[in-house]
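Read the structure below first, then the notes.
The values are calculated or read from the model by the stated rules, or taken from the named source; none is laboratory data. Predicted model, so just to flag it, every value in this text is computed and none were measured. Cβ coordinates were reconstructed from backbone atoms using ideal geometry, including for glycine residues, and neighbour counts include every protein chain displayed. Surface accessibility is based on the protein's heavy atoms, side chains included, excluding ligands, DNA and RNA. Shrake-Rupley method; radii C 1.70, N 1.55, O 1.52, S 1.80 Å.
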Protein chains: 2
Amino acid sequence: MVRYTKKDFPVSNVRRFLEPGPIVLVSSCLKGEMNIMTMGWHMIMEFEPSLIGCYIWTENHTFSMIRKSRECVFNVPTVEIADKVVGIGNCSGRDVDKFKQFNLTPLTGQAVKAPLIQECYANFECKLVDSSLIKKYSLFVFEVVKAHVATSPKFPKTIHYRGDGLFMISGPTVKKWRPLFRPEML
Amino acid sequence: MVRYTKKDFPVSNVRRFLEPGPIVLVSSCLKGEMNIMTMGWHMIMEFEPSLIGCYIWTENHTFSMIRKSRECVFNVPTVEIADKVVGIGNCSGRDVDKFKQFNLTPLTGQAVKAPLIQECYANFECKLVDSSLIKKYSLFVFEVVKAHVATSPKFPKTIHYRGDGLFMISGPTVKKWRPLFRPEML
């Protein structure tokens, strides 16, 4: 099992790990009950405040847990635990305790009651800041209020969903186009 | 230069190419003027209708062009034209004709006036279906009304932005986790 050592990370910079489009594990807690869902539909919406938008299907057990608790953690898993990520996405927190079932370790957050998943590369503690789009679009708008990121490796091997049960594994990180950027765009 | 042969693709399935999180080129047309922007902040919002949400900064020339024309095309570029993608993101349509500057070929769409970029792997013709979130979040909600996807390769080498001028290139597509899916989840 991977054990990442993490440190605080600027919340305005979480795009570095979310904008490439990885599958994330969203953990939540309501009245002492913890849950995890696998999520692919999310996007960065702002640097400061650090906003994330995401789609949560009404049928997901997580849907009501987060709507009521107004908190969650975005956890970024890496390829080493891909089997757990898929398993989590194919069962319901109504039926199983996913932390127990998938042998994952819940850690206490600093700003939210939702648990951090120790075995993930990064953990972003989030507060629900806009629930007005849930009814129409199942769209939750979160602010990242605290971020924890592994000190190594610099570029994690994340998993990206292609649909139909297929995943793309993140490939090499390339610096050669950096000189083409205007300084203010970096 | 890559020349993709494309065929019609079901709009409800565009998630296969967008959910992995690639940088896209968004093309637009207003009163005969064409433009292209480089975009990383987008997400799938629904299968049917095929909805995409995306963030467009108010300062982008594309912002007003799409708000007025209410149309665009999401084009998925591959690593072969990464230098053009970066160049497009680092200049403004106010100053240059990006199709000419970057030697890209505009093709006529079937459902929108915005041009398709021939050199991209996939082209998704989009109509703006909800402009109510633009003021608060710069969030545009589009419906994909027509999709064109290259017949080969099956899995394109897309580019994913990590911030700071760094790109991740999509790696291998893996099928080994597919048996872990419940049939209705595929």
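Here are the numbers for this structure:
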{"read-out": "Near pairs, Cβ below 8 angstrom, 6+ apart or cross-chain, from segment B:126-139 (closer than 16 Å to A:M43 by Cα) to any residue that is open to solvent by 30 Å² or more (accessible area, probe 1.4 Å)", "value": "B:I134/B:R67; B:Y137/A:E46; B:Y137/B:Y55; B:S138/B:Y55; B:S138/B:W57; B:S138/B:T58; B:L139/B:Y55"}
{"read-out": "Set B:K68, B:K84: member being over 28 Å from B:T5 (Cα atoms) and charged (D, E, K, R)", "value": "B:K68"}
{"read-out": "Hey, B:R67 part of a loop (DSSP other than H, G, I, E, B), surrounded by fewer than 18 Cβ atoms within 10 Å (Cβ to Cβ), away from chain A (no Cβ under 14 Å) and in contact (Cβ under 8 Å) with a residue 12 or more places away in the chain or not", "value": "no"}
{"read-out": "Filtered residues of segment A:1-45 (kept if out of contact with any strand residue (DSSP E or B) (no Cβ under 8 Å at 6 or more places or on another chain) and in a strand (DSSP E or B))", "value": "A:L30, A:E33"}
{"read-out": "Lone qualifier among B:L139, B:L116, B:L133, B:L104 - being at pLDDT 95 or above and under 13 Å from the mean Cα position of the chain (by Cα)", "value": "B:L116"}
{"read-out": "Residues of segment A:128-149 that turn out to be closer than 19 Å to A:M65 by Cβ, more than 10 Å from every other protein chain (Cβ to nearest Cβ) and of a type outside the set (F, W, Y), as a count", "value": "8"}
{"read-out": "Positions within segment B:94-110 being open to solvent by less than 50 Å² (accessible area, probe 1.4 Å), assigned to a helix (DSSP H, G or I) and farther than 22 Å from B:L18 by Cβ, in sequence order", "value": "B:F99"}
{"read-out": "Residue count, segment A:158-186 (criterion: open to solvent by 20 Å² or more (accessible area, probe 1.4 Å), facing another protein chain (nearest Cβ under 8 Å) and charged (D, E, K, R))", "value": "4"}
{"read-out": "Boolean, A:G109 is farther than 30 Å from B:G89 by Cβ, of a type in the set (G, A, S) and in contact with a helix residue (DSSP H, G or I) (Cβ under 6 Å, 6 or more places away or on another chain)", "value": "no"}
{"read-out": "Conditions (1) surrounded by 13 or more Cβ atoms within 10 Å (Cβ to Cβ); (2) away from chain B (no Cβ under 14 Å); (3) touching a residue at least 40 places away in the same chain (Cβ under 8 Å): number failed by A:S152", "value": "(1)"}
{"read-out": "Residue within segment B:23-43 that is open to solvent by less than 20 Å² (accessible area, probe 1.4 Å), within 10 Å of chain A (Cβ to nearest Cβ), closer than 16 Å to B:K146 by Cβ and not charged (D, E, K, R) present", "value": "no"}
{"read-out": "Residue in segment A:168-186 that is touching a His at 6+ places or on another chain (Cβ under 6 Å) and among the aliphatic types (A, V, I, L, M) present", "value": "yes"}
{"read-out": "Single match in A:C91, A:C54 (criterion: within 14 Å of another protein chain (Cβ to nearest Cβ), touching a Lys or Arg at 6+ places or on another chain (Cβ under 9 Å), among the hydrophobic types (A, V, I, L, M, F, W, C) and not in a helix (DSSP H, G or I))", "value": "A:C91"}
{"read-out": "Residues that are among the β-branched types (V, I, T) and in contact with a helix residue (DSSP H, G or I) (Cβ under 9 Å, 6 or more places away or on another chain), drawn from segment B:8-42", "value": "B:I23, B:V24, B:V26, B:I36, B:T38"}
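Per-residue answers, yes or no, for (1) in a loop (DSSP other than H, G, I, E, B); (2) open to solvent by less than 40 Å² (accessible area, probe 1.4 Å):
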{"position": "B:F74", "(1), (2)": "no, yes"}
{"position": "B:D83", "(1), (2)": "no, no"}
{"position": "B:V112", "(1), (2)": "yes, yes"}
{"position": "B:C120", "(1), (2)": "yes, yes"}
{"position": "B:S132", "(1), (2)": "yes, no"}
{"position": "B:K135", "(1), (2)": "no, no"}
{"position": "B:F142", "(1), (2)": "no, yes"}
